[in-house]
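Asker: Can you read through this structure? Questions will come right after.
No lab work stands behind these numbers, since they all come straight from the coordinates. Owing to the predicted nature of the structure, the values given are computational and were not obtained by experimental measurement. Virtual Cβ from ideal backbone geometry, glycine too; neighbours counted across all protein chains shown.
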Amino acid sequence: MSLKIRLSRGGSKKRPYYRIVIADSRMPRDGRFIEKVGSYNPMLPKDAERVKLDLDKIKEWYGKGARPTDRVARFLHEADGETFKWEHGNNPQKAKPGAKAQERLAEKAEKEAEMKAAEEEAKAAAEAPAEEEAPAEEAAAEEAPAEEAAAEEASAEDAAEDEKKEG
């Protein structure tokens, strides 16, 4: 028989109250238990006595093989850190976004990279028109709309920066 030191919920709807009990791990959460060894009232303020434990009984059951759940282990560590050790679990997978969110982040990064590349091209085109002198008039005619668009983008960016400075 696998014994657990765990919480058993009581109280009314939206007004929880928990008993800390020794129970067979196969029993339901609020079902049959062996012994009550404490209580936890989350409705009380944090500076009040929210957790009440009978440490002597808990140590006795711990010696018999009962193991606390994570939440009860926290309570026991706070009450008697020398006897009961609890360490924060490390689950690096928990913080990772899901598959769809990762796809959206990748799309957003691609769009930002494209925008930066376009801005750099526009800046390069704005800085280098003196260097590139087209030998033929046709080449100059083809490049003119691109240069005008780049110049318009640059002036729009300058106007946006001026508004930010003023506001």
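Asker: Take every DSSP beta bridge whose two residues both sit in segment 1-106, then give the antiparallel share in percent to the nearest 5.
Answerer: 90 percent
Asker: Now, a different point. Which order do the peptides 113-125, 52-64 take when ranked by the mean count of other beta-carbon atoms within 10 Å per residue, highest first?
Answerer: Numbers: 113-125: 12.2, 52-64: 15.1.
With the highest mean Cβ count within 10 Å placed first, the list reads 52-64, 113-125.
Asker: Going down the table (52/94; 13/46; 4/85; 57/94; 14/100), which pairs top 24 Å between alpha carbons?
Answerer: Details: 52/94 31 Å; 13/46 21 Å; 4/85 16 Å; 57/94 35 Å; 14/100 34 Å.
Checking Cα-Cα distances, 52/94; 57/94; 14/100 exceed 24 Å.
Asker: Right, another one. Which value, to two decimals, describes the C-alpha radius of gyration of segment 3-79 once divided by 2.2 N^0.38 Å?
Answerer: Working it through for segment 3-79, the quotient is 1.06.
Asker: Another one. Listed highest first by mean packing, meaning other Cβ atoms within 10 Å per residue, what order do 70-77, 90-97, 101-108 come in?
Answerer: Packing order, densest peptide first, comes out as 70-77, 101-108, 90-97.
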